[in-house]
Amino acid sequence: MKYLSKVSLVLGIGISLFLLGCQQNQNAEAQGIISANGASKDDITNANAEVKLDKIKLPENFKIEVWAADIPNARSLAISEDGVVFVGNRQENKVFAVIDEDGDGKANTKYTLADGLNMPNGVAYKDGDLYVAEVNRIIRFKDIKNNLDNPSYEVVYDGYPTESHHGWKFISFGPDGKLYIPVGAPCNICESENEVFASITRIDVDSPNPTPEIVAHGVRNTVGFDWDPKTGDMWFTDNGRDMMGDDVPNCELNHVTKAGQHFGYPYWHEGSVKDPEFGDKGGPASDYVAPAAKLGAHTAPLGMRFYKGNMFPGAYQNQVFIAKHGSWNRSKKSGYVLTSIKVEGSNASGEKEFASGWLDEASQKAWGRPVDVQEMQDGSLLISDDMAGVIYRVTYSAK
């Protein structure tokens, strides 16, 4: 495993290209996409969505609708320059491409690009190609938009660990053009001899023999990250350990300022909570990077994106939207919401609930669980829900 010897998360040229890509006509009306027929194509225009949208609370003048239904275990999202939405999943073995063919603001076509995969949670799109992360490998569908009806893939790299505990992966391309790939801890809490566990790595997908480089250590399980469009810095969510009670430790929003930083796991949690089992094996808390924001215990923050569009009010510019998937072992459930948090430089503050209602507080029963967020070209926001098997679309219209 190769280490980064210097700060290399951001290259000047990469930032320029990244920021240039963000300058797009966010107010353009949705354009229909013509797609080829094939055995893998399904019409989902009238697909059933068992959701309770009347329960979802949003800020004034925002609206939520089902953009696509019949997307089993919809997890990570990626989008092409013309609006093809790619969807991975964790509990299923398929990857989908979902399309709004008639431009009416709702998807009506679903392609099954592959099945029989091993937890294909992560999807990323670059230069016409789709990249998918399984537990131990990265695969690539070349020229995917022109091959939706007859997709095939090649293996880019297959040397990641095969452990399935936290083995599902979120992936995304950074401003430097490299593909960033986390490797979760193979346990709730443990100290592994293999340095690649509990890390974020990156690879050069254009290399004939990619070699993972470790970007960040001490990352228990991140299933979402993005880059600040103003600074090019990487930010990521991290899920805190279990079995320390209802309120400890907090899940985290972290900020990477240089390569090779250590974010505390398994020795310290939320910056100041020493682990009862492994804390004495590490250094003092000051040896590790504390979170930029604490996101609540057991809330399971997953997908996160910086908002760059123009549809939402100006106050949301450069805010981070975070999908909190929700707790599984807390006596009173937490999470099951979408939040926004303001980021300025190295500071993250003012977290607010943006969308809530997937959890009925009285009965403690949930009918949906948000997973990932993805901005569309018009500035609207997609939210995946692996429990309801749908993708929502949030729009804003001033009255």
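Regarding segment 229-240, can at least one residue be identified that is crowded, with 17+ Cβ neighbours inside 10 Å, polar (S, T, N, Q) and in contact with an Asp or Glu (Cβ under 9 Å, 6 or more places away or on another chain)? Yes, segment 229-240 has at least one match.
Conditions (1) part of a strand (DSSP E or B); (2) closer than 19 Å to GLN374 by Cβ; (3) modelled with pLDDT under 60; (4) of a type in the set (D, E, K, R), marked per residue:
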{"position": "VAL10", "(1), (2), (3), (4)": "no, no, yes, no"}
{"position": "GLY38", "(1), (2), (3), (4)": "no, no, no, no"}
{"position": "ASP42", "(1), (2), (3), (4)": "yes, no, no, yes"}
{"position": "ASP82", "(1), (2), (3), (4)": "no, yes, no, yes"}
{"position": "PHE86", "(1), (2), (3), (4)": "yes, yes, no, no"}
{"position": "GLU101", "(1), (2), (3), (4)": "no, yes, no, yes"}
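Evaluated against (1) closer than 15 Å to VAL394 by Cα; (2) part of a strand (DSSP E or B); (3) of a type in the set (Lys, Arg), LYS106 falls short on exactly one condition, (2).
It is to be established whether one or more residues within segment 298-314 are among the β-branched types (Val, Ile, Thr) and either over 18 Å from ASP246 (Cα atoms) or not in a loop (DSSP other than H, G, I, E, B) (or both). Within segment 298-314, not a single residue is among the β-branched types (Val, Ile, Thr) and either over 18 Å from ASP246 (Cα atoms) or not in a loop (DSSP other than H, G, I, E, B) (or both). Given the criteria modelled with pLDDT under 95 and closer than 24 Å to GLY122 by Cα, does ASN221 qualify? Criteria not met by ASN221. Using the structure shown, decide if GLY245 is in a loop (DSSP other than H, G, I, E, B), out of contact with any Phe, Trp or Tyr (no Cβ under 8 Å at 6 or more places or on another chain) and surrounded by 24 or more Cβ atoms within 10 Å (Cβ to Cβ). It is false that GLY245 is in a loop (DSSP other than H, G, I, E, B), out of contact with any Phe, Trp or Tyr (no Cβ under 8 Å at 6 or more places or on another chain) and surrounded by 24 or more Cβ atoms within 10 Å (Cβ to Cβ). Those strands (runs of 3 or more DSSP E) of segment 147-232 in which 2 or more residues are among the hydroxyl-bearing types (Ser, Thr, Tyr) and out of contact with any Ser or Thr (no Cβ under 9 Å at 6 or more places or on another chain) occupy 199-203. Just so you know, in segment 263-278 the residues that are farther than 11 Å from ARG220 by Cβ and small (Gly, Ala, Ser) include one that is farthest from the chain's Cα centre (by Cα), and it is SER272.
ARG305 passes every criterion in (1) among the basic types (Lys, Arg); (2) closer than 14 Å to PHE225 by Cα; (3) out of contact with any strand residue (DSSP E or B) (no Cβ under 8 Å at 6 or more places or on another chain) apart from (3). Here is the figure for segment 248-260: residues that are crowded, with 16+ Cβ neighbours inside 10 Å and under 21 Å from the mean Cα position of the chain (by Cα) total 8. The single condition from (1) without any contact (Cβ under 8 Å) to a residue 24 or more places away in the chain; (2) within 16 Å of ARG140 (Cα to Cα); (3) surrounded by 17 or more Cβ atoms within 10 Å (Cβ to Cβ) that SER199 fails is (2).
Looking across ILE181, ILE171, ILE189, one residue alone is over 30 Å from ALA39 (Cβ atoms), crowded, with 16+ Cβ neighbours inside 10 Å and within 15 Å of the chain's Cα centre (by Cα). It is ILE181. Residues in segment 186-241 that are within 19 Å of GLY174 (Cβ to Cβ) and among the aliphatic types (A, V, I, L, M): VAL196, ILE200, ILE203, VAL205, ILE214, VAL215, ALA216, VAL219, VAL223, MET234. Quick one: LEU253 ticks every box in (1) outside any strand (DSSP E or B); (2) within 23 Å of VAL273 (Cα to Cα); (3) of a type outside the set (Asp, Glu) bar one, so which box is it? Looking at each condition in turn, LEU253 falls short on (1).
The number of residues in segment 113-139 being over 12 Å from VAL95 (Cα atoms) and in contact with a strand residue (DSSP E or B) (Cβ under 8 Å, 6 or more places away or on another chain) comes to 5. Taken as a whole, the condition of being buried (at least 21 other Cβ atoms within 10 Å of the Cβ) and either modelled with pLDDT of 95 or more or closer than 17 Å to GLY240 by Cβ (or both) applies to PHE321.
Report yes if ASP143 is over 16 Å from the mean Cα position of the chain (by Cα) and within 22 Å of ARG305 (Cβ to Cβ), otherwise no. So ASP143 does not fit the description; no. Determine if segment 371-384 includes at least one residue that is over 22 Å from GLU65 (Cβ atoms) and either touching a strand residue (DSSP E or B) at 6+ places or on another chain (Cβ under 6 Å) or modelled with pLDDT of 95 or more (or both). No: segment 371-384 contains no residue that is over 22 Å from GLU65 (Cβ atoms) and either touching a strand residue (DSSP E or B) at 6+ places or on another chain (Cβ under 6 Å) or modelled with pLDDT of 95 or more (or both).
Residue count for segment 300-326, restricted to those that are more than 15 Å from the chain's Cα centre (by Cα), on the phi < 0 side of the Ramachandran plot and touching a residue at least 24 places away in the same chain (Cβ under 8 Å): 8. Does segment 135-156 hold any residues that are within 21 Å of LYS110 (Cα to Cα) and acidic (Asp, Glu), and which are they? Those that are within 21 Å of LYS110 (Cα to Cα) and acidic (Asp, Glu): ASP143, ASP149. Taken as a whole, the structure leaves LYS294 outside the set of residues that are at pLDDT 95 or above and either in contact with a Ser or Thr (Cβ under 6 Å, 6 or more places away or on another chain) or part of a loop (DSSP other than H, G, I, E, B) (or both).
The values are calculated or read from the model by the stated rules, or taken from the named source; none is laboratory data. Not measured: the values here are computed from a predicted model. Cβ atoms come from the backbone with ideal geometry, glycine included; neighbour counts cover every protein chain shown.
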